């Protein structure tokens, strides 16, 4: 396809495409004349990946370059290429020693294979600390275990649908999936709360015409 | 306990306690003299609940008053009192008709008992729309089903640990649990990704001294 079609199909402005070409983030098309080149679906896919990294993940150009390099370097395993994208999604201060030990033990208990310096361990430690300052997780270790099992099922389904044959598509998938699926999961959790609360604690649900339930089953 | 102890144990400043008493958000103590009263654990619990609603949920005073009223009105079911707190946690524009129909059908497919005007339905619709603009949920309806099942398990464990005998404690629990547990779940999901990715796509995990794995099992 010509540049005009690439711009239209990818939704990326001409100036931006030219900038990416100049910076080497987008590979050149096949030259058909001195000032003309043709592009293919790989260019569309690359522009889509850059857009995801920039707009969804909020990465800076240097970070995007790092992710693209990891994708293109076949000596980097897919796991490490995904890890490179993942690390750019998280940030935060380093863990103190006590929190590091606690999180390492938790991963050991769960038998999860996680790098000790993973930023998500810091996120987990900070989130648990915040909950403790308000009295701790009600349900305690048992509820935490349920959380871990549920998230492992979610991650199994997600990683299982990663297109492993195409490294760029895999990274696009992981970034979009990791970030954009978060509000889906959280909204579903709130809706599930409502469903279970209505079944357990009864009371009418405003707006469900006709089917109002006044009994209050105790469980 | 005297006012001095109430202030110390609850960590709430005197001026704030007096303000809550004046506004009726905090019930009066038992008068022991013209200018003296004693307080008990119910006052500590109430101050903790107000703090959670204000600091964790970011509610304004009028919203806090609404939640407290729902808790105290025994003609309101626990489900509706929790729903009142829940609604204050979410906000957003109303759903358009197409999204409303789609979300209603999704809840019907899942057999979830959810009020049609629930703000979480709007959050879910918006999150799914955002994912579609980046090519849709990879794994599609099957992954969405896994999400729903996992979140239902999470919600079962959470609702199961709600202290139903004490309505104020129940609301505190739901607000703290709903908001503060979100980053716990999201961090666990990212860690589970790492675990599964490392097992499926191999590659060493930097920082695990000694135990570097160079084989890359294919599954």
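The values are calculated or read from the model by the stated rules, or taken from the named source; none is laboratory data. Small disclaimer: the values here were computed from a predicted structure and weren't measured. Here the Cβ is made from the backbone with ideal geometry for all residues, glycine too, and neighbour counts use every protein chain on show.
Annotation: residue A:193 fulfils all but one of (1) at pLDDT below 75; (2) closer than 26 Å to residue B:122 by Cβ; the unmet one is (1).
Yes or no, residue by residue, for (1) at pLDDT below 75; (2) more than 8 Å from chain A (Cβ to nearest Cβ); (3) under 13 Å from residue A:192 (Cβ atoms):
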site	(1), (2), (3)
B:129	no, yes, no
B:132	no, yes, no
B:135	yes, no, no
B:138	yes, no, no
B:142	no, no, no
B:147	no, no, yes
B:151	no, no, yes
B:156	no, no, yes
B:161	no, no, no
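The set of residues in region A:22-41 being in a helix (DSSP H, G or I) and touching a strand residue (DSSP E or B) at 6+ places or on another chain (Cβ under 9 Å) is empty. Screening A:11, A:29 for residues that are assigned by TED's automatic domain parsing to the domain that holds residue A:172, on the phi > 0 side of the Ramachandran plot and without any contact (Cβ under 8 Å) to a residue 60 or more places away in the chain leaves exactly one candidate, A:11. Number of residues in region A:156-179 that are over 19 Å from residue A:74 (Cα atoms) and either free of Cβ contacts under 8 Å to residues at least 24 places away in the same chain or surrounded by fewer than 21 Cβ atoms within 10 Å (Cβ to Cβ) (or both): the value is 8. Inspect region A:186-204 for any residue being touching a residue at least 24 places away in the same chain (Cβ under 8 Å) and either over 20 Å from the mean Cα position of the chain (by Cα) or closer than 29 Å to residue B:112 by Cα (or both) and give the result as yes or no. Looking through region A:186-204, none of the residues is touching a residue at least 24 places away in the same chain (Cβ under 8 Å) and either over 20 Å from the mean Cα position of the chain (by Cα) or closer than 29 Å to residue B:112 by Cα (or both). In this structure, residue A:47 does satisfy being within 14 Å of chain B (Cβ to nearest Cβ) and touching a residue at least 40 places away in the same chain (Cβ under 8 Å). Looking only at residues in region B:1-21 that are in a loop (DSSP other than H, G, I, E, B) and out of contact with any strand residue (DSSP E or B) (no Cβ under 9 Å at 6 or more places or on another chain), the one that is modelled with the lowest pLDDT is B:11. Checked against (1) touching a helix residue (DSSP H, G or I) at 6+ places or on another chain (Cβ under 9 Å); (2) within 30 Å of residue B:153 (Cα to Cα); (3) away from chain A (no Cβ under 12 Å), residue B:116 meets all criteria but (3). Residue B:183 satisfies every condition listed in (1) in a loop (DSSP other than H, G, I, E, B); (2) under 21 Å from the mean Cα position of the chain (by Cα); (3) modelled with pLDDT under 90 except (1). Residue B:26 falls short on exactly one of the conditions (1) under 26 Å from the mean Cα position of the chain (by Cα); (2) modelled with pLDDT under 90, and that condition is (2).
Rundown of residues vs (1) in contact (Cβ under 8 Å) with a residue 12 or more places away in the chain; (2) under 18 Å from the mean Cα position of the chain (by Cα), yes/no style:
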{"position": "B:114", "(1), (2)": "no, yes"}
{"position": "B:120", "(1), (2)": "yes, yes"}
{"position": "B:125", "(1), (2)": "yes, no"}
{"position": "B:131", "(1), (2)": "no, no"}
{"position": "B:140", "(1), (2)": "no, no"}
{"position": "B:146", "(1), (2)": "no, no"}
{"position": "B:151", "(1), (2)": "no, yes"}
{"position": "B:154", "(1), (2)": "yes, yes"}
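Confirm whether residue A:83 is at pLDDT below 80 and touching a helix residue (DSSP H, G or I) at 6+ places or on another chain (Cβ under 9 Å). In short, yes. Screening region A:42-129 for helices (runs of 4 or more DSSP H) wholly inside it with 1 or more residues that are out of contact with any strand residue (DSSP E or B) (no Cβ under 7 Å at 6 or more places or on another chain), assigned by TED's automatic domain parsing to the domain that holds residue A:182 and surrounded by 21 or more Cβ atoms within 10 Å (Cβ to Cβ) returns the ranges A:61-72, A:78-89.
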